[in-house]
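The values are calculated or read from the model by the stated rules, or taken from the named source; none is laboratory data. What you see is a predicted model; the values in this text were computed from it and never measured. In this analysis, Cβ positions are derived from the backbone assuming ideal geometry, glycine residues included, and neighbour counts consider all displayed protein chains.
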Amino acid sequence: MKADLKEKKAALKKAEKEVASLEAKKVKADAKAAENAKKAEAESVLKKLLAEGVSADEILAKLK
């Protein structure tokens, strides 16, 4: 019975480590997805401004 309990505790500990690892991967993936979304939005705004005739120099001046 003690051996069974010890085995189950070891399995639980392993599963908890795996969950923690997957959660960390999810956080990284979410951060990367958010960064990609921001980049896509910035590119979209930049393209829109350029299409409206705003020069690259004007855009850079506004960013500073």
Is it the case, given these coordinates, that LYS32 is surrounded by 10 or more Cβ atoms within 10 Å (Cβ to Cβ) and at pLDDT 95 or above?
yes
From the list GLU18, GLU7, which one is modelled with pLDDT under 95, part of a helix (DSSP H, G or I) and over 13 Å from the mean Cα position of the chain (by Cα)?
GLU7
When the residues of segment 41-64 are narrowed to those that are assigned to a helix (DSSP H, G or I) and loosely packed, with under 10 Cβ neighbours inside 10 Å, which ends up modelled with the highest pLDDT?
ALA51
